[in-house]
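Student: Next up is a structure, given as structure tokens.
The values are calculated or read from the model by the stated rules, or taken from the named source; none is laboratory data. This one's a predicted model, so the numbers in the text were calculated from it and none came from an experiment. For neighbour counting, all protein chains shown are included, and Cβ atoms are generated from backbone atoms with ideal geometry for every residue, glycine included. We work out accessible area using only protein heavy atoms, side chains counted, and drop any ligands, DNA or RNA first. Shrake-Rupley method; radii C 1.70, N 1.55, O 1.52, S 1.80 Å.
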Amino acid sequence: MVGGGGSSRGARVFSEHTNNRAFNKLNKSGFDDSQISTLRPSPAKYRNSDDNILPLMDTDPDPDHSFFEPASTSPFTKSPWSSHLNSDPPPSAADSTSFLPNILMGSLVREEGHIYSLAAAGDLLYTGSDSKNIRVWKNHKEFSGFKSNSGLVKSIVIGGEKIFTGHQDGKVRVWKVSSRDPSVHKRVGTLPTLSDYIKCSMKPSNYVEGRRRRNLWIKHCDAISSLSLSEDQLFLYSASWDKTFKVWRVSDSKCLESIQAHDDAVNTLVTSIDGLVFTGSADGSVKVWRRELQGKGTKHFFSQTLVKQDSAVTALAVDDDATFVYCGSSDGVVNFWEREKSLSHGGTLRGHKLAILCLATAGRLLLSGSADMGICVWQRTAAEHACLSVLTGHTGPVKCLAVERDSEASEGERRWIVYSGSLDKSVKMWRVSEQPPASLQSPPSFSQGSSPTAGLLVNAPSFVIREQ
């Protein structure tokens, strides 16, 4: 599962000394999290102030030089990326005294910009940032890269042979891997397509009131915050700070619907089974939408509001069995609802001191990344959620998470590889197991230390962390 800005099911800033009240204020105003290094300016600074951020026409052709080249010839290989992997062999699982179920395996470090989005598929990892490059890693080593015409890549999802990226300029770009060379990626489209844009612009009724001017309903007029594919991968959903989410048919890139979902920026969106869609907003609410097929199109109906709170909703996730819905907020709290109980509120998880920025699920585990630079690993049992450990090592807020099953896990062992992207410009790789640490006989207690990350767990297990 992926969390974050964007996730196949969800998967969403500032100085470590920032208090929650300031962060809540920024989220309520829909701030631009690409300027996360400081909170001193007023919230208005963090909104897009450039009237030309969305041109009237979809002019996004790629010149020949921006088509995707193999890593061996691409100019991106000259960037200062380096892969740091632990050379020490991991502890033997047979040695119960030394086995560390949750360890840091290594880091992928770059100096191009903050990491805002991740997507994992098999042995490939895609990373997006506030640079113009999207990196592709294979077996923890740089494999390829491709370039978009927009800077900040806020969300990445993978569906079949297509890779979808959501950008700060309000566009979704579609990419495919070359059949001749798997290291070459080619942009095959932009949503909305130019032909649909021209056709739609002919009718005055297709224009809606925007923040600064009238816009076509098929086009987002602010940054895309999250992408998610339906379970059958027939439909792509894009959420935006323009308070809407849009539904796209994957087969022909046609925009089928635009739903005015919230009173403020839509920060996160995740799909589930049976056509359910969950949206979370800076207005503090989580809403449930129900999809109904109508011919070749769709129609989404509002179903219910799960929560309405003062703190902005920053991340959503749904577990693999679609039995639990998780919501992370700017106050550092995770709420969850149980589907088997008609989406009744199941409780709250309190393990962070600053805002939750991303969520991801893996088996019976929930992972929450935060502005406090830590990642809490929660295990779900029949009766409760318990925090198994806190993964520490990042020196900046944890902005996105991606999870893949560990192919080297022994038979019967439920183990995962977790990728975490941070505003410290690095991606870290963790091995996480559903097996609790031997020393952890009861849920860990939380300390009240002043440091955002140090001492979060009094009896947390040790981590193998190399100096970078």
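Student: About its Cα centre, how strong a charge dipole does the stretch 192-280 have in debye, to the nearest 20, once Lys and Arg get +1 and Asp and Glu get -1 at the Cβ?
Tutor: In debye, rounded to 20, the stretch 192-280 gives about 560.
Student: Also, quick follow-up: Could you name the lysines in cross-link range of LYS186, using Cα to Cα under 16 Å and dropping any fewer than eight places away on the same chain?
Tutor: LYS132, LYS147, LYS162, LYS176
Student: Please report, in debye to the nearest 20, how large the charge dipole of the stretch 94-184 is about its Cα centre when each Lys and Arg carries +1 at its beta carbon and each Asp and Glu carries -1 there.
Tutor: Here the size comes out at about 420 debye.
Student: Which of LYS287/LYS425; LYS246/LYS287; LYS138/LYS254 have a Cα-Cα distance over 22 Å?
Tutor: LYS287/LYS425; LYS138/LYS254
Student: Looking at the square roots a ≥ b ≥ c of the eigenvalues of the Cα gyration tensor of the stretch 301-439, which shape do they give, rounded for a/c under 1.5, prolate if a/b is larger than b/c, or oblate?
Tutor: Taking the square roots of the gyration eigenvalues as a ≥ b ≥ c, the stretch 301-439 is oblate.
Student: As an exercise, find the ratio Rg/Rh for the stretch 180-244 from alpha-carbon atoms, using the Kirkwood inverse-distance average for Rh.
Tutor: Across the stretch 180-244, the Cα-based Rg/Rh ratio is 1.06.
Student: Output the peptides 356-363, 187-194, 174-181 sorted from most to least packed, where packing is the average of other Cβ atoms within 10 Å over each peptide's residues.
Tutor: In decreasing order of mean packing, 356-363, 187-194, 174-181 become 356-363, 187-194, 174-181.
Student: Right, something else. Using the alpha carbons of the stretch 166-282, what is the convex hull volume per residue in cubic angstrom, as a whole number?
Tutor: So the per-residue Cα hull volume is 117 Å³.
Student: About the Cα centre of the stretch 325-388, what is the dipole size in debye to 20, counting +1 per Lys and Arg Cβ and -1 per Asp and Glu Cβ, all else neutral?
Tutor: Taking the Cα centre of the stretch 325-388 as origin, the dipole is about 80 debye.
Student: Hey, what's the stretch 261-401 come to in accessible area per residue, 1.4 Å probe, Å²?
Tutor: Result: 30 Å² of accessible area for each residue.
Student: Per residue, how many Å² of accessible area does the stretch 206-251 show with a 1.4 Å probe?
Tutor: For the stretch 206-251, the per-residue accessible area is 36 Å².
Student: Can you pull the percent of the stretch 382-434's accessible area that's carbon plus sulfur, 1.4 Å probe, other chains left in place?
Tutor: 41 percent
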